[in-house]
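K.L.:
Take a look at this one; I'll ask things after.
The values are calculated or read from the model by the stated rules, or taken from the named source; none is laboratory data. Small disclaimer: the values here were computed from a predicted structure and weren't measured. No Cβ is skipped: glycine too gets one built from the backbone with ideal geometry, and neighbour counts run over all protein chains shown. Heads up: the accessible areas ignore ligands, DNA and RNA and are worked out on the full protein's heavy atoms, side chains in. Shrake-Rupley method; radii C 1.70, N 1.55, O 1.52, S 1.80 Å.
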Amino acid sequence: LQQAYHLVTEAIMTGRRISSAEEWLADNYWMINEQMHMTRKHLPPGYSKEMPTLENTESVGYPRIYGLVFNLISLVNGQLTDESIFQFVKSYQKVSPLTIGELWGIPIMCRLGLIENIRLVCDEIISSRKDRNVADVWADKLLDAADKSSKDVVQVLYTMSQSIPKISHAFVLQILQRLQGSDPLLSVITTWLQQQLSTQGLDVDDINRAERYTNHLNLVRLRNSIISLRFVNSYTWKEFVEELSSLEVILRRDPSGIYAKQDFETRDMCRRAVEGIAKANKKDEKDVAHAALRLAKRAY
């Protein structure tokens, strides 16, 4: 993330043209960085070790709740809403109920998943920006050679062809953009590029279309993820956790009816007590809650 941001700001400072996704990154990097610091601050030490982990997946060893959240982020292309998270988690719990610790971990896992989603876009930004920077270096050399003689241009072109075994889309578009207005030179470079691209079954028009499509996908993914980070940061998660908690359903069967009439903080103390007893005795939280309910009924 830092590397992508520095490459983009450097391009801006030197007057280079940047993509819409790069512009979004530059404008919102402060907020992304703030969310990274907040995640580090609020992620409890040892959280991953305490939570159920994933097995038989590419993300083996990661907390189950992280895998769940990141799957949702991928499905909705980074565009999280309270309804999409609620329905996805609700559907998952029909198969495998989440612990109270996992439910409380959803906001921070959303932040981690969204930051990872942004990082994936930044990987492409870094690769593209580095290729464009290389293209700028060769464009400068070609323009400098063009002021001297056609022989110098051919020599620079030969050296470039030996230095770059396979040209990228970003390289092609950047060097063509830089050489616009230098007609004789542009003609020579365009011919060479077409020859290189023909070996890949492509032409400049194909690359233009592919680059526009990639830039659009990156913009949508990055923009959605940044907007979703703001949503996660401002959303009130108390009601969300209570409504989806399987413990809450059990504890509300308190025969005296007192549990349901308590304020949120007191109900949360009860849920955390269940969580603590379950961890200490290596029991399922629902089993502990049912045991508490049986005792309550006996006492009532």
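K.L.:
What percentage of the solvent-accessible surface of the stretch 11-138, computed with a 1.4 Å probe over protein heavy atoms, is contributed by carbon and sulfur atoms?
P.N.:
Result for the stretch 11-138: 53 percent of the exposed heavy-atom area is carbon or sulfur.
K.L.:
Is the shape of the chain best called rounded, prolate or oblate, per the rule: a/c under 1.5 gives rounded, else a/b larger than b/c gives prolate, else oblate, with a ≥ b ≥ c the square roots of the Cα gyration tensor eigenvalues?
P.N.:
Prolate is the answer for the chain, as a/c is 1.5 or above and a/b outweighs b/c.
K.L.:
Same structure, new question: Taking a ≥ b ≥ c as the square roots of the eigenvalues of the Cα gyration tensor of the stretch 103-222, is the shape rounded (a/c under 1.5), prolate (a/b larger than b/c) or oblate?
P.N.:
Verdict is prolate for the stretch 103-222.
K.L.:
Hey, another quick one. Please give me the summed charge of the neighbours of residue 202: other residues whose Cβ is under 13 Å from its Cβ, Lys and Arg +1, Asp and Glu -1.
P.N.:
Value of the local net charge: -2.
K.L.:
With a Förster radius of 30 Å, plug the Cβ-Cβ distance of residue 140 and residue 116 into 1/(1 + (r/R0)^6) and report the FRET value to the nearest 0.05.
P.N.:
0.25
K.L.:
Within the stretch 96-138, name every residue whose backbone N is under 20 Å away from a label modeled 7 Å from Cα of residue 220 along the Cβ vector.
P.N.:
Backbone N within reach: 114-125.
K.L.:
In addition: For helix 264-281, report the angle its Cα long axis makes with the longest principal axis of the Cα atoms of the chain; keep it between 0 and 90° and round to the nearest 10°.
P.N.:
Once rounded, one gets 90 degrees.
K.L.:
Now for a separate question. Within the stretch 126-142, whose backbone N sits under 13 Å from a point 7 Å along Cα→Cβ of residue 3?
P.N.:
126-131
K.L.:
Let me ask something else. Of the accessible area of the stretch 165-300, with the probe set at 1.4 angstrom, what percent is carbon plus sulfur?
P.N.:
53
K.L.:
Now for a separate question. Give me the 1.4 Å probe accessible area per residue for the chain, excluding ligands and nucleic acids, in Å².
P.N.:
Accessible area per residue, the chain: 56 Å².
K.L.:
Next up: How would you order 218-224, 146-152 from highest to lowest mean count of nearby Cβ atoms within 10 Å?
P.N.:
Order by mean packing, descending: 218-224, 146-152.
K.L.:
While we're here: Would you work out which of 241, 110, 4 lies farthest towards the positive end of the dipole of the chain, given +1 charges on the beta-carbon of Lys and Arg and -1 on that of Asp and Glu, about the Cα centre?
P.N.:
241
K.L.:
Here is a follow-up. Subtract the Cα-Cα distance of residue 41 and residue 210 from 0.36 nm times their separation in residues, and report this length gain in nm to one decimal.
P.N.:
56.8 nm
K.L.:
Still on this structure: Which of 41/286; 49/90; 90/130 have a Cα-Cα distance over 32 Å?
P.N.:
Exceeds cut-off: 90/130.
K.L.:
Among 36-46, 240-250, what's the highest-first ranking by average C-beta atoms within 10 angstrom per residue?
P.N.:
Ranked from most to least packed, the peptides come out as 240-250, 36-46.
K.L.:
So between residue 127 and residue 76, what do we pick up on full extension, going 0.36 nm a residue minus the alpha carbon distance?
P.N.:
That works out to 15.9 nm of additional length.
K.L.:
State to the nearest 20 debye the size of the charge dipole of the chain about its Cα centre, where the only charges are +1 on K and R beta carbons and -1 on D and E beta carbons.
P.N.:
With only Lys, Arg, Asp and Glu charged at Cβ, the dipole is about 1160 debye.
K.L.:
With a ≥ b ≥ c the root eigenvalues of the C-alpha gyration tensor of the stretch 234-298, is it rounded (a/c under 1.5), prolate (a/b larger than b/c) or oblate?
P.N.:
Judged from the Cα gyration tensor, the stretch 234-298 comes out oblate (a/c at least 1.5, b/c at or above a/b).
K.L.:
Using 0.36 nm per residue, how much length does the chain from residue 287 to residue 163 gain when fully extended, once their Cα-Cα distance is taken away?
P.N.:
This chain segment gains 38.0 nm when fully extended.
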